[in-house]
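These notes concern the structure reproduced below.
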Amino acid sequence: MTIDLGDYEKGAGFRGDYGAALDALQERLRHIQVAHIVHHRRALILFEGWDAAGKGGIIQRLTAKWDPRHFEVWPISAPTPAEKAEHYLERFRRRLPPLRAIGVFDRSWYGRVLVERVEGFATEAEWRAGYDEISAFEADLAAQGITLIKLFIHVTQETQDERLKERLTDPWKRWKTGADDFRNRARRADYLAAMADMFARTDRPGARWTAIDGNNEKAARIAALTYVADRLEQTVPMVPPPLDPALKALAEKELGLRLD
């Protein structure tokens, strides 16, 4: 399947009551997390996309009602010197979610075929080998029973520039932006070529890419959370476990409850 990012640039606003829709989705996601806990499932959600595309805002709303004991958000930045000395996938293997948990990656192993390719941090032989290495890694995730969801948040250059301006003019948002954002911005055509190759080489059954139009923040959040909820519900029984008879008897005795 080929993804053309030009198809995700309309920036249409969300039609409806955004607050109500978000509340309903977050409650639905809360139930989904509980289902993963009680049915001993594992899931991994990764986000790729442009700087200032809105990944962080989506992740905040995705996890807003989750029990913090059973999920982890991993913001992925440049590897440390120790991480550079090992295979690039090792730092991701160490962060895989345990049973009964959901992991969220804000950027991921796809840095090998995106930023490392474009910025020259990997040789051509290394990033070309990355496609097969990533495919094997994701196949191993599936073999371990980990549900993998891959989202790419897309914005136009104009939207990205407006958001970078907003960050720089707000003293409380400036920390989000650095020189790297502008270096990456200057090589947009190279990144688009790398993204096209990434989609063509790594979009496979069980590890599909989904692109989200991020040009309207509210619409993007609803679209992303809806997709995640739909996918996760397909992989876990959405029924609570039966009440343990011994616990039922104890609660009825000690609390005066009548539990059916």
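Of the set (1) touching a residue at least 40 places away in the same chain (Cβ under 8 Å); (2) within 30 Å of Asp197 (Cα to Cα); (3) over 19 Å from the mean Cα position of the chain (by Cα), all apply to Leu44 but (3). Looking across the range 249-260, just one residue is part of a loop (DSSP other than H, G, I, E, B) and either in contact with a Lys or Arg (Cβ under 8 Å, 6 or more places away or on another chain) or under 30 Å from Ile149 (Cα atoms) (or both), and that is Leu259.
A count restricted to the range 114-132 and to residues that are of a type in the set (Lys, Arg) and without any contact (Cβ under 8 Å) to a residue 40 or more places away in the chain stands at 1. Sub-9 Å Cβ pairs linking a first residue in the range 212-235 that is of a type in the set (Phe, Trp, Tyr) to a second residue that is outside any helix (DSSP H, G or I), at least 6 apart or interchain, are Tyr227/Ile149; Tyr227/Leu151; Tyr227/Thr210; Tyr227/Ile212, ordered by first then second residue.
Count of the range 115-134 residues, restricted to those that are closer than 15 Å to Ala200 by Cα and loosely packed, with under 14 Cβ neighbours inside 10 Å, is 1. Being under 22 Å from Ala229 (Cα atoms), aromatic (Phe, Trp, Tyr), in contact with a Leu (Cβ under 8 Å, 6 or more places away or on another chain) and surrounded by 14 or more Cβ atoms within 10 Å (Cβ to Cβ) is the requirement here; does Phe137 meet it? So Phe137 fails the test. Condition (residue is out of contact with any helix residue (DSSP H, G or I) (no Cβ under 8 Å at 6 or more places or on another chain) and among the aromatic types (Phe, Trp, Tyr)) applied to the range 12-34: is it met by at least one residue? No, the range 12-34 contains no residue that is out of contact with any helix residue (DSSP H, G or I) (no Cβ under 8 Å at 6 or more places or on another chain) and among the aromatic types (Phe, Trp, Tyr).
For the range 56-114, a residue qualifies if it is of a type outside the set (D, E, K, R), surrounded by 13 or more Cβ atoms within 10 Å (Cβ to Cβ) and assigned to a strand (DSSP E or B), and the qualifying residues are Phe71, Val73, Trp74, Ala101, Ile102, Gly103, Val104, Phe105.
Number of residues in the range 1-37 that are β-branched (Val, Ile, Thr) and either within 30 Å of Asp197 (Cβ to Cβ) or modelled with pLDDT under 95 (or both): the value is 2.
The values are calculated or read from the model by the stated rules, or taken from the named source; none is laboratory data. Everything numeric here is computed off the predicted structure, so don't read it as measured data. Because the Cβ atoms are built from the backbone with ideal geometry, glycine has one as well, and the counts that use them run over all protein chains shown.
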